[in-house]
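Taking it in order: structure first as structure tokens, then the write-up.
The values are calculated or read from the model by the stated rules, or taken from the named source; none is laboratory data. None of these values were measured; they are calculated from a predicted model. Ideal geometry is used to build each Cβ from the backbone, glycine not excepted, and the neighbour counts take in all protein chains shown. Just so you know, the surface numbers come from the protein's heavy atoms only, side chains and all, with ligands and any DNA or RNA stripped out. Shrake-Rupley method; radii C 1.70, N 1.55, O 1.52, S 1.80 Å.
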Amino acid sequence: EHHRQFIIDIVDKNNTITFEELRVNILERFEDIQNISIATLCNFVKNIERITLKKSTPMELKRNDPTTLKQRKEFVMSLQPEGVLYNMNCIFIDEAGFNVNMIKGRARAKAGKPAFVKTCTKRAKNVSIFFALSAFGVESCHVK
């Protein structure tokens, strides 16, 4: 159980760690483990703990920093004297664009060969969706 928790903690602390780096950390930390294979680690992480490798998304360290959260709250509170209430009379507008021929970012191919994905045309139409959202739901939606 303490081996399991160590692995979970180290992956939580550094989610870009490689299996080789994880293996070295385990061997350094636990004297009772003389050797552990990459395959065993991979099986444990993927199949037992259900931790998978995904495309990473960068996130600023200060995004949910207490100072940043305080500044956000102060900003919202500063608008209230003017009658702006986020849960009553605000509408948020957002836009999302995509290409009609969107394909998965990863594909399989033999080693040394490019991974082509067949599409109807080489260049497709770009589509933009515009939303207006309030605390009560979608106020408006347009496609361009």
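Trypsin sites (Lys or Arg not before Pro), restricted to segment 1-62: which are DSSP loop and have at most 14 other Cβ atoms within 10 Å?
For trypsin sites (Lys or Arg not before Pro) across segment 1-62 that sit outside H, G, I, E and B with at most 14 neighbouring Cβ atoms in 10 Å, the list reads Arg50, Lys54, Lys55.
State, as an integer percentage, the relative contact order of segment 1-80 based on alpha-carbon contacts under 8 Å between residues 6 or more apart.
With pairs under 8 Å counted, the relative contact order is 15 percent.
Using 1/(1 + (r/R0)^6) with R0 = 22 angstrom and r between the beta carbons of Lys125 and Lys55, what's the FRET efficiency to the nearest 0.05?
Approximately 0.30, to the nearest 0.05.
Grab the beta carbon distance between Arg29 and Thr67, set R0 = 41 Å, and tell me the FRET efficiency rounded to 0.05.
That gives a FRET efficiency of 0.75.
Could you report the accessible area of Thr18 in Å², rounded to 10, computed with a 1.4 Å probe on the protein chains as they sit in the structure?
Solvent-accessible area, nearest 10 Å²: 70 Å².
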